[in-house]
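For reference, the structure discussed in these notes is given below.
The values are calculated or read from the model by the stated rules, or taken from the named source; none is laboratory data. This one's a predicted model, so the numbers in the text were calculated from it and none came from an experiment. Reconstructed Cβ throughout: ideal geometry from the backbone, glycine too, with neighbour counts over all protein chains shown.
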Amino acid sequence: MTTSEFTLEIAGLRSTLQSFTRRFTNDREESHDLVQDTMLKALMYRDKFRKDTNLKGWLFTIMRNTFINNYRRTQRARTSNDTTKDLYFLQVEEEHTFNRPQESLEFKEIWRNMNHVKDEFLTPFKMYTSGYKYHEIAEHLNIPIGTVKNRIFHARKEIQKRLQGY
C-alpha cells in the first residue's frame with residue numbers, strides 16, 4: 001500500500017474514529033484532539049502497520065492507548081483548569097479541612113485509630129503517608145517491596161474497619 005493510499009484510507013475512517021471517541025469523552029474539543037493525535041500517530045508509524053492487519057482495529061488501538069496515556073499524564077500532573085474570569089480561584093486560599101489538620105476532627109480520629117494498628121503495619125503506613133516511596137520504605141526496613149505494599153494495604157483496611165466501628 002502506498003503512502004497516499006494509506007493516507008486516503010485513514011482519512012476515510014475519520015468519522016468512524018470521531019464516533020468512537022464517545023467511549024472515552026463527551027468533550028467535543030478533546031474528541032477532536034484525540035482523533036487528530038490518532039491519525040498523526042498512524043501516519044508517523046505507518047511502517048509498523050502490516051497489510052494483514054485490520055486498519056480500523058489498528059487505529060482504535062492507537063486511539064485507546066493515546067487516551068489512556070493522556071489520562072495518566074493528567075492524573076500525574078493533577079492540573080486544574082480555572083475557567084473563571086480573571087483566574088479568580090487561582091488566587092484564593094483553599095479551605096479544605098486537611099490544610100489545617102490540627103483543627104480537623106476527622107484527622108484526629110484517624111490518628112487515634114492508627115495507634116491501634118500493629119507496629120509491623122503501622123511503620124510502613126506512616127512512612128508511606130509521610131511521602132516515602134515503596135522502594136525507600138523497603139530499603140529502610142530491609143524487607144521486600146511486596147511486603148511493604150501488603151503491610152500498607154492491611155494498615156488501611158484495619159483503620160477503615162475501626163473508623164466504621166467494626
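List pairs: first in the range 65-78 and in contact (Cβ under 8 Å) with a residue 12 or more places away in the chain, second surrounded by 10 or more Cβ atoms within 10 Å (Cβ to Cβ) and outside any helix (DSSP H, G or I), Cβ under 6 Å, 6+ apart or cross-chain?
Once the first residue is in contact (Cβ under 8 Å) with a residue 12 or more places away in the chain and sits in the range 65-78, its partners that are surrounded by 10 or more Cβ atoms within 10 Å (Cβ to Cβ) and outside any helix (DSSP H, G or I) give F67/F24.
Restricting to the range 24-56, name every residue that is loosely packed, with under 11 Cβ neighbours inside 10 Å, under 29 Å from the mean Cα position of the chain (by Cα) and either part of a helix (DSSP H, G or I) or modelled with pLDDT of 90 or more (or both).
Residues satisfying the conditions are R28, E29, M44.
Residues checked against (1) touching a Phe, Trp or Tyr at 6+ places or on another chain (Cβ under 9 Å); (2) of a type in the set (D, E, K, R); (3) within 19 Å of I68 (Cβ to Cβ):
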site	(1), (2), (3)
E5	no, yes, no
T21	yes, no, yes
D27	no, yes, yes
E30	yes, yes, yes
M44	no, no, yes
F49	yes, no, no
